[in-house]
Amino acid sequence: MNIIESIQEGVIRAVKGLYGAEIGPADITMSATRKEFEGDYTVVTFPFTRFARKKPDEIAEEMGQHLVREVAYVQKFNVIKGFLNLSLSDAFWRRFLEEICRNEQFGMQPPNGHKVLVEYSSPNTNKPLHLGHIRNILLGWSTSCILEAAGYEVARVQVINDRGIAICKSMLAWEKYANGATPGSTGIKSDHFVGDYYVMFEQKFQKEYQDWQKSDAGQAQLQEWLGTNEARRAEKELAQKREKALKELEGKVAAGELPPGSSLREEDFSPGKFFFKNFKDEYFNQHSKLGAEARAMLRRWEEGDEATVALWRRMNDWVYEGFNETYEKLGVRFDKLYFESETYLLGKDMIEKGLEEGVFYRKDDGSAWADLTGAKLDHKAVLRSDGTSLYITQDLGTAHLRYQDFGVEKMVYVVADEQNYHFQVLFELLRRLKEPYADGLYHLAYGMVDLPTGKMKSREGTVVDADDLIAEVVEEARKNSLERDTLAGLSAEEQQTIINQIGLAALKFFIIKVHPRKRMTFDPKESVDLQGQTGPYVQNAYVRVQSVLRKGGGQSLSAAADYDKLESQEREILSQLYAFPELIRTAAEEYDPSSIANYCYELAKAFHRFYHDYSILSAETQAARAFRLQLSQAVANVLKMGMKLLGIDMPERM
């Protein structure tokens with residue numbers, strides 16, 4: 001029973017019968033009626049004035065009369081300035097509720113015969129997963145679950161960056177400074193253990209670089225640069241920045257935000273600091289002893305040196321063990337792992353084929369390029385002059401390999417918005433190569449995550465590790481639970497399970513509720529608030545329903561059929577429930593888990609309000625009691641399903 005389609009068909013017939021015009025469903029603007037007006041669905045009649053040659057409110061009046069006569073369950077209507085508000089009969093809503101109240105899978109779509117691949121997480125093996133990865137993982141997992149609910153067959157994958165200079169930095173630091181220490185001997189979680197050596201490398205390198213800056217060689221390099229046009233431009237820019245910063249400082253002092261006598265750090269505006277900040281990469285590649293050792297280790301790995309490869313495997317295995325522990329905490333999994341050490345040579349055959357077909361061209365130095373100016377991009381290198389791959393090369397090959405592995409029609413890449421240009425290029429190249437899945441590519445770009453304390457930096461060790469963040473929100477959930485003392489009587493194990501569910505709900509919901517493209521700030525304390533737009537708030541609505549059902553269960557609810565007058569809040573909740581299947585389809589089409597999160601919050605809020613305003617177990621009649629128990633059960637089922645699509649479990653108690 002799809003009442004929206006029935007109304008649309010009725011509008012189409014009304015337009016033809018009343019005005020002799022032909023329209024389709026796409027020509028009808030229809031939505032749920034706004035809460036301040038009476039009605040369930042609203043049809044906008046303004047577009048029909050062009051052929052009806054009448055005022056919108058006149059059209060709405062005529063159309064409303066037609067729909068009441070011709071469409072089953074449309075009981076009455078009202079007109080507000082050309083907006084036709086339709087009210088459905090109580091019989092429709094009773095029948096709908098009877099159909100769904102025991103259906104725990106309500107909203108799930110049947111298989112549609114299409115396959116989609118979702119790539120998410122895709123970390124480096126030189127450090128543990130952090131807050132940024134958490135947003136990636138949660139978006140990827142929830143998107144894959146929503147796609148499954150919409151009827152797709154889903155493959156979940158990740159590409160692990162297990163090669164390159166960053167991995168060699170952590171390997172070299174362990175080799176030089178660990179004295180044989182292991183995760184087991186230190187008691188440190190294995191991926192954190194490796195990450196500590198990546199941070200240690202950076203600390204040692206920074207010390208080396210600072211010493212070099214003071215040396216004769218470093219000062220000579222600075223003096224050479226100071227005589228260039230680039231240095232003169234930099235000095236002008238620094239002078240302008242200093243003047244702007246000074247004005248801001250004086251304003252804050254005048255406003256009392258800073259104490260009198262506050263001053264700028266002049267070194268922040270010195271040409272020397274500017275130079276050495278920007279010279280860092282060149283120093284690493286041309287002058288650094290540690291840099292030379294790391295590059296030598298990378299060359300040995302590429303040449304297959306037995307000892308280097310053995311160390312690489314050992315340290316990567318430590319990282320994978322740690323990753324898997326974190327994935328298990330978050331409740332996510334993958335169907336296949338791709339490793340960059342195995343995929344970095346892929347794509348060369350596609351480049352050769354593209355050269356033959358004119359998709360690419362060669363420069364005089366032998367490098368291969370694509371002219372993408374026709375797609376409002378630029379010229380893009382796809383193969384170096386020495387024949388070695390670039391990132392875009394291996395991404396082309398990896399996409400083709402995935403198609404061979406899974407036969408998917410769509411591929412969703414969950415990657416931060418810093419890589420927007422890369423994916424524009426990748427998708428355009430795959431279209432030009434006429435890959436069969438090229439029209440089904442989507443970059444689920446997301447904004448970065450900050451903490452109230454500001455940004456994070458991996459190399460400096462200021463990143464919030466995923467495990468630490470999970471532990472923090474679980475601890476916040478524990479504190480809240482102790483303050484409310486609501487889990488007394490349960491075993492310690494049962495209490496811990498519920499606290500974990502609440503903490504993870506807080507983390508996941510707080511991140512997923514924000515539209516992926518928006519940058520966000522995660523606040524652990526705010527995330528566990530039972531009164532805000534949070535996961536625990538939604539869980540609390542579910543727990544409240546379970547309490548009602550336990551007290552009112554064990555009896556027939558057939559009397560609900562005799563409930564003859566629905567309250568406005570009951571109709572509002574039923575309308576929200578009715579929208580759930582379509583919401584899943586839309587969220588899947590738009591790759592937007594935030595719409596599911598916000599729907600769950602609005603449904604939970606509506607039920608909390610209903611619970612406060614109306615009696616359920618002590619309702620005025622048996623019919624009202626039975627109906628409201630059915631309604632409560634349906635709300636619980638949809639909340640549980642909706643939160644499951646976000647990777648969130650619902651506790652029976654809180």
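What the table shows:
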quantity	calculated
Flag if residue 304 is in a helix (DSSP H, G or I) and of a type in the set (Gly, Ala, Ser)	no
Qualifying residue in the range 345-354 (condition: without any contact (Cβ under 8 Å) to a residue 60 or more places away in the chain, buried (at least 19 other Cβ atoms within 10 Å of the Cβ) and more than 29 Å from residue 124 (Cα to Cα))	no
Among residues of the range 31-45, those that are at pLDDT 95 or above and surrounded by fewer than 16 Cβ atoms within 10 Å (Cβ to Cβ), counted	1
Condition broken by residue 313, with the remaining ones in (1) farther than 25 Å from residue 468 by Cα; (2) charged (D, E, K, R); (3) touching a residue at least 40 places away in the same chain (Cβ under 8 Å) satisfied	(3)
Criterion violated by residue 353 - all others in (1) farther than 30 Å from residue 508 by Cα; (2) part of a loop (DSSP other than H, G, I, E, B) satisfied	(2)
Checklist (1) more than 30 Å from residue 147 (Cβ to Cβ); (2) within 25 Å of the chain's Cα centre (by Cα); (3) aromatic (Phe, Trp, Tyr) applied to residue 120, failing item	(1)
Evaluation of residue 207 against (1) over 19 Å from residue 313 (Cα atoms); (2) basic (Lys, Arg); (3) touching a residue at least 40 places away in the same chain (Cβ under 8 Å) (one fails), failing number	(3)
Criterion (surrounded by fewer than 23 Cβ atoms within 10 Å (Cβ to Cβ) and either of a type in the set (Lys, Arg) or touching a helix residue (DSSP H, G or I) at 6+ places or on another chain (Cβ under 7 Å) (or both)) met by exactly one of 645, 603	603
Subset of the range 572-592 (residues that are assigned to a helix (DSSP H, G or I) and either at pLDDT below 95 or in contact with a strand residue (DSSP E or B) (Cβ under 8 Å, 6 or more places away or on another chain) (or both))	572, 575
Residues of the range 78-108 satisfying the condition of being free of Cβ contacts under 8 Å to residues at least 40 places away in the same chain and either assigned to a loop (DSSP other than H, G, I, E, B) or buried (at least 21 other Cβ atoms within 10 Å of the Cβ) (or both)	81, 82, 89
Set 386, 371, 395: member being over 28 Å from residue 117 (Cα atoms) and surrounded by 13 or more Cβ atoms within 10 Å (Cβ to Cβ)	371
From 386, 365, residue being part of a loop (DSSP other than H, G, I, E, B), at pLDDT 95 or above and over 30 Å from residue 133 (Cβ atoms)	365
Identity of the residue in the range 244-294, touching a residue at least 60 places away in the same chain (Cβ under 8 Å) and more than 30 Å from residue 228 (Cα to Cα), that ends up surrounded by the fewest Cβ atoms within 10 Å (Cβ to Cβ)	293
Hits in the range 540-571 (condition: charged (D, E, K, R) and either crowded, with 16+ Cβ neighbours inside 10 Å or outside any helix (DSSP H, G or I) (or both))	544, 564, 565, 567, 570, 571
Neighbours by Cβ (under 8 Å, 6+ apart or cross-chain): first from the range 181-196, not assigned by TED's automatic domain parsing to the domain that holds residue 325; second of a type in the set (S, T, N, Q) and not in a helix (DSSP H, G or I)	193/182; 194/125; 194/126; 195/126
Pairs with Cβ under 9 Å, 6+ apart, first in the range 473-499 and closer than 17 Å to residue 648 by Cα and in contact (Cβ under 8 Å) with a residue 60 or more places away in the chain, second among the hydrophobic types (A, V, I, L, M, F, W, C) and assigned to a helix (DSSP H, G or I)	498/477
Among residues of the range 321-336, those that are in contact with a strand residue (DSSP E or B) (Cβ under 7 Å, 6 or more places away or on another chain) and closer than 15 Å to residue 133 by Cβ, counted	1
Residue 416 being within 30 Å of residue 547 (Cβ to Cβ) and within 18 Å of the chain's Cα centre (by Cα)	no
Selection status of residue 394, assigned by TED's automatic domain parsing to the domain that holds residue 361, among the polar types (S, T, N, Q), touching a residue at least 24 places away in the same chain (Cβ under 8 Å) and touching a Ser or Thr at 6+ places or on another chain (Cβ under 7 Å)	yes
Residues of the range 599-623 classified as within 15 Å of residue 573 (Cα to Cα) and not in a loop (DSSP other than H, G, I, E, B), total	15
Selection within the range 1-57 - among the basic types (Lys, Arg) and touching a residue at least 60 places away in the same chain (Cβ under 8 Å)	35
The lone exception for residue 450 - which of (1) part of a loop (DSSP other than H, G, I, E, B); (2) under 21 Å from the mean Cα position of the chain (by Cα); (3) acidic (Asp, Glu) it fails	(1)
Residue within the range 568-581 that is of a type in the set (A, V, I, L, M) and in contact with a Gly (Cβ under 8 Å, 6 or more places away or on another chain) present	no
Among residues of the range 356-368, those that are on the phi < 0 side of the Ramachandran plot and surrounded by fewer than 16 Cβ atoms within 10 Å (Cβ to Cβ), counted	7
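The values are calculated or read from the model by the stated rules, or taken from the named source; none is laboratory data. Keep in mind that what you see is a predicted model, and the values were worked out from it rather than measured. A quick note on method: Cβ atoms are made from the backbone with ideal geometry, for glycine too, and the neighbour counts reach across all protein chains shown.
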